[in-house]
Amino acid sequence: MVFTPVLSAHWDESDSFTIEGYTRNRGYEALTKALAMAPDDLIAMVKDSGLRGRGGAGFPTGMKWGFIPQGPEGQGAKPHYLVVNADESEPGTCKDTPFMMANPHALVEGVIIASYAIRASHAFIYVRGEIVHVIRRVQEAVAQAYAAGHLGTDIHGSGYSLDVVVHAGAGAYICGEETALLDSLEGYRGQPRLRPPFPATHGLYACPTVVNNVESIASVPSIVLGGAQWFSSMGTEKSKGYTLYSLSGHVNKPGQYEAPLGITLRQLLDLTGGMRAGRTLKFWTPGGSSTPLLTADHLDVPLDYEGVMAAGSMLGTKALQCFDDTTCVLRAILRWTEFYAHESCGKCTPCREGTYWMVQILERLENGTGTEADIVTLLDTCDNIFGRAFCALADGAVSPIVSGVKYFREEFTQHLTSGGCPFDPVASTVFSGVPA
Amino acid sequence: MADTSSPVVLGLPETTVVPDGIPALTEQTRTEVREIIARYPRSRSALLPMLHLVQSVQGYVSPAGIALCAEELELTKAEVAAVATFYTMYRRKPAGTYHVGVCTNTLCAVLGGDAIFATLKEHTGLTHNETSADGTISLEHLECNAACDYAPVMMVNWEFYDNQTPQSARALVDALQAGNPPAPTRGPSTLSTFTQISRVLAGFNDGLGQQGPTAGTPTLVGLALAKERGDVAPAYPTPADAPETES
């Protein structure tokens, strides 16, 4: 089986986003099973399943839950919180958004189970603000879950109570970083916190907090229903389970493909009609723009955490943005760099100032007015940014540049010798060849 | 020191003047602000939805809106303004009835977003973050809006208008200006205004979530292909072993 639809299995049913549609397909069965289990057994089950965070970092989800202090003393005595990171904003990443639109109840059920496991009585779903229809669907799913008795006081007579708040963001990529998200949820500017202490002990309101990605949390009901072994029967040795791969760009069939971890881009392209007619793959991101670029030489890299790492990049969010040979790599890198400069929260100097200067240098290089020395300065600037900021935004900002120069240095030089960009931007559009 | 008749006033200068055509914040706004605060364990967490609520009344975050939030949360106006100016969705001038966004992050830009944004700038005479004189539309170029498999993507009032071209974008804007907006590609059957959707962002659901498709075609291609191939996930180990329903 190449594909293993679990999260996406019922998206083609017209009422998949309603509680009726979800319940018809065994929705909320896992909740009943979970509430009959000891919370620690649930944590052990998720640990055993091998589920790793689907938001990009790949940290084992069960382990994160296990870090939450329990018991009547110290931090354990404070309220515990679950915060779902639904602030999907990494360029290229487009999985949680359609997921929440098509099946918000799987997220809600996962929220209840996870909150029960970590002993939280308040959970928040922080959804980016720019996707209003998705927010409606999540709001309505939560309301339906309350009406069905899945949320609120003494859920199904278990003695367990939970309130869930759907919280809309307001436009800031940085809030996808978990500590910035927490500051934002507390009503501040979304700026990352220095760690340690980690959110597990000092998160929301300085209380023990789990922050999990949408897809991670939504995978939990299936693990509860199928068991840890069922989940870990899919995937590779250290990257277990199924996941959503998001194919986009100059491909014939962009979209969401749910498969066990470890599929390759070659497999995906071969099965989906490949790149658009007459064109070849030039570069791609395995998991959003913050993961170093790969090329056609990397088509057989297993798309799991270890495989992509070994190829010099990161699995990230499995956002496979594919660009063909009509695309100027400098233009792509410049635009991403403008994005990071725009989204840098300004807290750390290397990131705030560095991204600004990298835009200036890349503009020169792209329009042909730069020099060879600019390339050296650019890489030197990257060196001075990487690892020198509170959060990973800065590291992400240098990824496309360093990898771009590594694989396409000749194209940088070509811009200098030809005094401008040799590419026709019209040729790379989806409507090239169509009269204006 | 001895003179206490003129206390030092912190924060932004008082601005009570509401510009022409902008509705004033009312006691109902204040009531709803308090409803938002009640959702959270700590009041300040309500600030982002409160600012969305201000926009739902006035179309932007006005000085009066900042003052209201500050008063209700017992913060200074400077503290509220510091937050409001950090987030790009909060507008410092009134948005149009229809706020038009074009994704120009790399993937959409390369696939046509740059051409679309250039076309719309020329067609409307507006630049980035500008509102038309009649208040009908405002224009903005966006960062990635999480719909890359539908590129190039436009958003109107944060609803999806997928797979655009310069021609379709011009037609869309013409329809908005004529007061005849087409339905979003993946959204409700009718397009709400900027102020209406801002209420949803403030947490006041408008009941429109039941409208619209579950998904667009790209969202479903993977599932369709799996079905065509007969690919399924392994069955749960003991389907007959469904847990007994608790009373």
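Only the coordinates and a few stated rules stand behind these numbers; no lab work does. No experiment lies behind these values; they were computed from the predicted model shown. Backbone-built Cβ (ideal geometry, glycine too); neighbour counts: all protein chains shown.
Between helix A:132-147 and chain A there is an angle of about 10 degrees, using the helix long axis and the longest principal axis of the Cα atoms. A simple spin-label model places pseudo-atoms 7 Å from Cα toward Cβ; at B:Lys227 and B:Ala78 they are separated by 6.0 nm.
Relative to the compact-globule estimate of 2.2 N^0.38 Å, the Cα radius of gyration of the stretch A:100-145 comes out at 1.16. Taking the C-alpha atoms only, the angle from helix A:393-417 to the longest principal axis of chain A is near 20 degrees. Per residue of A:13-19, other chain Cβ atoms within 10 Å of the residue Cβ number 2 on average. Stokes-Einstein diffusion for the stretch A:158-225, with the hydrodynamic radius set to the Kirkwood value over Cα pairs and evaluated at 4 °C in a medium of 1.567 mPa s, equals 96 µm²/s.
What the Kirkwood sum gives for the stretch A:122-209 is a hydrodynamic radius of 14.3 Å, with every pair of different alpha carbons counted.
Calculated translational diffusion coefficient of the stretch A:261-316 (10 °C, 1.306 mPa s; Stokes-Einstein with Kirkwood radius over alpha-carbon pairs) equals 139 µm²/s. Over the residues of chain A, the helix contribution to mean residue ellipticity at 222 nm works out to -12500 deg cm²/dmol, using -39500 (n - 2.57) for each DSSP H run of at least 4. For the stretch B:98-191, the relative contact order comes to 31 percent (Cα pairs under 8 Å, sequence separation of at least 6). Centre-to-centre, using Cα atoms only, the stretch A:80-119 and the stretch A:229-264 are separated by 18 Å.
Quick check for me: using +1 on Lys/Arg Cβ and -1 on Asp/Glu Cβ, what's the dipole size of the stretch B:98-191 about its Cα centre, in debye to the nearest 20?
Values: 3 positive and 10 negative charges, 26 e Å.
Roughly 120 debye for the stretch B:98-191.
Spatially, the stretch A:345-393 and the stretch B:176-209 are offset by 40 Å when compared through their Cα centroids.
Bridges between two residues of chain B, per DSSP, are antiparallel at a rate of about 60%.
Where does the longest stretch of chain B lie that holds no GluC sites (Glu not before Pro) found in a DSSP loop with 13 or fewer other Cβ atoms within 10 Å?
For GluC sites (Glu not before Pro) (loop position, at most 13 other Cβ atoms within 10 Å), the longest site-free span of chain B is B:75-243.
Cα-Cα pairs above 51 Å in the protein assembly as shown: how many percent?
Details: 18850 of 232903 pairs.
That tail contains 8 percent of the Cα-Cα pairs.
Assuming a ≥ b ≥ c are the square roots of the Cα gyration tensor eigenvalues, decide whether chain B counts as rounded (a/c under 1.5), prolate (otherwise, with a/b larger than b/c) or oblate. Working shown, then result.
On the way: a/c = 2.47, a/b = 1.37, b/c = 1.80.
Verdict is oblate for chain B.
Within straight-line reach of A:Lys238, meaning a Cα separation under 12 Å, sit the following aspartates and glutamates at least 8 residues removed in sequence or on another chain: A:Asp48, A:Asp304, A:Glu306. Across the stretch A:181-309 the C-alpha pair distances fall into 10 Å bins from zero in the proportions 11, 30, 27, 24, 8, 0 percent.
Gyration tensor over the Cα atoms of the stretch B:103-247: the corresponding equivalent ellipsoid has semi-axes (square roots of 5 times the eigenvalues, largest first) of 37, 21, 13 Å. Whole Å is fine, so just give me how far the alpha carbon centre of the stretch A:408-431 lies from that of the stretch A:171-215. Taking the Cα centre of the stretch A:171-215 as reference, the centre of the stretch A:408-431 is 40 Å away. Just need log10 I(q)/I(0) for the stretch A:1-138 at q = 0.12, 0.13, 0.20 Å⁻¹, Debye formula, equal scatterers on the alpha-carbon atoms, no solvent, rounded to two decimals. Here the Debye-derived log intensity ratios amount to -0.54, -0.64, -1.41.
Go through A:Lys64/B:Lys77; A:Lys95/B:Lys227; A:Lys406/B:Lys227; A:Lys64/A:Lys253; A:Lys33/A:Lys95; A:Lys64/A:Lys318 and tell me which ones have a Cα-Cα distance over 30 Å in this structure. Let's see the in-between values first.
Working: A:Lys64/B:Lys77 38 Å; A:Lys95/B:Lys227 20 Å; A:Lys406/B:Lys227 40 Å; A:Lys64/A:Lys253 36 Å; A:Lys33/A:Lys95 28 Å; A:Lys64/A:Lys318 21 Å.
Going by Cα-Cα distance, A:Lys64/B:Lys77; A:Lys406/B:Lys227; A:Lys64/A:Lys253 fall outside the 30 Å limit.
If you look at the Cα atoms of the stretch B:14-86, you get an Rg and a Dmax of 11.4, 38 Å.
Return the average number of partner chain Cβ atoms within 10 angstrom of each residue Cβ along peptide B:99-106. Provide the component values of the computation, followed by the final result.
Working: counts 0, 0, 1, 0, 1, 3, 10, 18.
Mean partner-chain Cβ count within 10 Å for B:99-106: 4.
By how many degrees, between 0 and 90 and to the nearest 10, does the Cα long axis of helix A:214-226 differ from the longest principal axis of chain A? Long axis of A:214-226 versus the principal axis of chain A: about 50 degrees.
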